[in-house]
Amino acid sequence: MPKSLKGSCACGSVSFTATPEDFWVCYCHCNYCKKATGAPVSTYVGINAADVVFLGTPKKFATSEGVKRAWCPRCGTPVSYESIRWPDEIHFHIGIFDHPEALVPTGHVYTKEQLPWFRIDDDLEKSREPGN
Ligand SMILES: [Zn+2]
Ligand SMILES: [Zn+2]
C-alpha cells in the first residue's frame with residue numbers, strides 16, 4: 001500500500017492528498033523557477049497526476065509555452081508546475097507538504113543556471129539540463 005502524502009498552501013484553501021506508487025524529488029536551478037517562486041532554487045516532488053486528489057482548486061498560469069504553474073488564489077503560495085514534457089505528472093513544490101523532511105532529493109537539474117554563490121554540498125547527481 002503506497003503511503004499517502006499530504007500538503008497545503010499557507011492559508012489552507014488549497015490542499016491535496018497523493019497516494020503514489022512512486023515519486024521523485026529533485027532540485028531545479030533554472031531561471032524560470034527563480035522568477036516564478038522568487039527563490040534561488042526550487043525543489044520539486046514529481047507525482048503521477050492520476051494519484052493526486054485536490055481539495056480547493058489552485059489557479060494556473062502558462063508561464064511559458066507548454067508550462068503551467070499553479071498557486072493558491074487566496075494566499076499566493078506556489079503549488080505546482082506542469083509541463084507537456086511530462087504530461088502525466090504534477091511537480092509539487094516541496095515546502096507545501098506536511099512532511100517535507102520525509103521527501104529526500106536525489107538530484108539537481110539545470111545547474112548551468114545555478115547561482116554562482118549557491119553552494120551545493122552533496123554528492124547527488126547534477127545535470128546541466130535534464131537529460132544530460
Ligand atoms: Zn492559500
Ligand atoms: Zn526549473
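The values are calculated or read from the model by the stated rules, or taken from the named source; none is laboratory data. Bear in mind that the values here come from a model prediction, so they are computed numbers and not experimental data. In this analysis, Cβ positions are derived from the backbone assuming ideal geometry, glycine residues included, and neighbour counts consider all displayed protein chains. The accessibility values were calculated without ligands, DNA or RNA, using every heavy atom of the protein model including side chains. Shrake-Rupley method; radii C 1.70, N 1.55, O 1.52, S 1.80 Å.
Summary of computed values
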quantity	calculated
Neighbours by Cβ (under 8 Å, 6+ apart or cross-chain): first from the stretch 21-46, in a strand (DSSP E or B); second more than 16 Å from ligand 1 (Cβ to nearest atom) and of a type in the set (D, E, K, R)	42/34; 46/89
Qualifying positions in the stretch 9-28 - open to solvent by less than 40 Å² (accessible area, probe 1.4 Å) and in contact with a helix residue (DSSP H, G or I) (Cβ under 8 Å, 6 or more places away or on another chain)	9, 18, 20, 25
Residue satisfying all of: in the stretch 52-75; within 15 Å of the chain's Cα centre (by Cα) and not in a strand (DSSP E or B); farthest from ligand 1 (Cβ to nearest atom) among these	58
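Every residue, every condition in (1) among the hydrophobic types (A, V, I, L, M, F, W, C); (2) open to solvent by less than 30 Å² (accessible area, probe 1.4 Å), yes or no:
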| residue | (1), (2) |
| --- | --- |
| 42 | no, yes |
| 46 | no, yes |
| 54 | yes, no |
| 57 | no, no |
| 60 | no, no |
| 68 | no, no |
| 71 | yes, no |
| 78 | no, no |
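Yes/no matrix, rows are residues, columns are (1) open to solvent by less than 30 Å² (accessible area, probe 1.4 Å); (2) among the hydroxyl-bearing types (Ser, Thr, Tyr); (3) touching a Pro at 6+ places or on another chain (Cβ under 7 Å):
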{"site": "30", "(1), (2), (3)": "yes, no, no"}
{"site": "34", "(1), (2), (3)": "no, no, yes"}
{"site": "64", "(1), (2), (3)": "no, yes, no"}
{"site": "83", "(1), (2), (3)": "yes, yes, no"}
{"site": "114", "(1), (2), (3)": "no, no, no"}
{"site": "121", "(1), (2), (3)": "no, no, no"}
